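Please treat every number below as a calculation from the coordinates, not as lab data. In this text, all values refer to a predicted model and were calculated from it rather than measured experimentally. A quick note on method: Cβ atoms are made from the backbone with ideal geometry, for glycine too, and the neighbour counts reach across all protein chains shown.
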Amino acid sequence: MRKSALWLLLALLATGCRLDALVEIDVGEDGSGSVRVEILADREAAEKIPDLAAGPLVEDMREAGWRVHGPDRSSDGSVRFTATKRFSDPRGARAVLQELTGPAGPFATLRVSKQRSFGRSEISVRGDVRFDSGLATLSDKEIAELFGDPLGGNLPKDPAELRRTMEDVTVALKVTLPGLERTWPLDPMGERPTSVRASSTVWHWQPLAAAGVAVAAGLFAVIAGVGGLRRRRTAAGSPSDEPDQPPRRLRQVVLHAAGVLFDDGRDPADVFAEFVKDRQGSAMPEEVKAVLARLRQGTLRTDECWRVLRLEGDPEELTDQFFASRRLTPGVRQLLERLRESGVQAVVVDDQPREWSARLRDIWKLDRLVSAIVETSEIEDTAAESLVEEVLRGPVTDARHALFISCSERLLEVARSFGFEVVLYRPDGGTEPRGSLPTLSSFADLGVGASAS
């Protein structure tokens, strides 16, 4: 196909006519899709190229496999021209885009990709659209060849003059992915690149069910469907731009003690503060927070903290009452039992005071159901990174085969960056995912029971 088909069509801009151009990249779940170009020219532009349909440019596009429609003339004299070409995989998308603007053209760095991991695929379009060379790369001879006079010889050479001819022009890039649609306005004379970043996650039920573990199927069904995310299926042997990797199996489930194992979504700090308030403690919120920090660091015991917080009553009785106010999240014991029966290890990460962690596990006899416990007393902003790194240094040797469940979006984003599959636990009844985080509202959604234990 002749050099930069889109550029040659945009040579109409040299006439100073009104013109709207849209390039749409549409990618499906399997990585295949299409590139579509739509150009709407006003009456003045249409009159200057009356033979576009029979010209060599359209002929070249058809020979290269483009489906061309138009130019179709409307009642006001304007003309619509569309051309579409399909691709079978992400590599094919790059080739089609290069047919539009050339190997060094504005879309040269755009990449369509499909990344596969256990139970999901990420479809993305990324790159920078650059118009550094612009229409100045076209020669008068090329324009005259494709459109004939009077366009040949009319292309301004001065950048300022060329920009003035383009004042009535709009150019846009539209990206459509599964469940996502975004549009970027482009400036054909712009000196700065336009950053294009779009991605969509497709969740697959079949590979997850094929993991061979009943509870694994339940857990990942949540990722595929419970939080408002659509459950999708993919055919065996779907094309991918990534080399095949060894199959991923669910070997470990990491549960955050705070809000997931205990207290059904509530932060232990909030439970502690509420307990102090309910007993008419006179301590200010800042004092309660400082005491909790000392408890986490191990420099203060629970039965000592009540005096510091000016609570009346026997310290040991207050401690007993505090632990009696704590709850095991409904359904979590059944989950732990099912994991053990299925040969999937349960790992608990706990950033509450160690005294609390040990006593709560003893109250509900959880140690026999848990393969490993990772504890930390860090409370700084870097605690999430430190906690995940500690998990990977200890019981979890390969994040690709593990699922991380937490109420903390920050912790899950960090865990995902290390390669974990993640689920956000939100027992408040919310069904919409937070960003790209799949959501679980109840362990009953896993079919493991929901009664308190």
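Points to keep in mind about this one:
- R0 of 51 Å, Cβ-Cβ distance Ala358-Arg126: FRET efficiency to nearest 0.05: 0.60
- Contour excess over end-to-end distance, with Cα ends at Glu341 and His69 and 0.36 nm allotted per residue: 91.8 nm
- Taken along the Cα-to-beta-carbon direction at a fixed 7 Å, the label points for Glu286 and Arg307 span 2.5 nm.
- Treating r as the C-beta distance of Glu413 and Arg62 and R0 as 51 Å, the FRET efficiency rounds to 0.60.
- Burial order of peptide ranges 75-87, 348-360 (average beta-carbon count within 10 Å, highest first): 348-360, 75-87
- Spin-label model distance (nm) - Ala269 vs Arg368, 7 Å beyond Cα toward Cβ: 3.6 nm
- Taking label positions 7 Å along the Cα-Cβ direction at both Asp278 and Ala104, the computed distance is 7.3 nm, reported to one decimal.
- Taking amide H as placed 1.01 Å from N in the peptide plane, the amide H of Glu421 sits under 5 Å from that of Ala402, Phe404, each at least 5 places away or on another chain.
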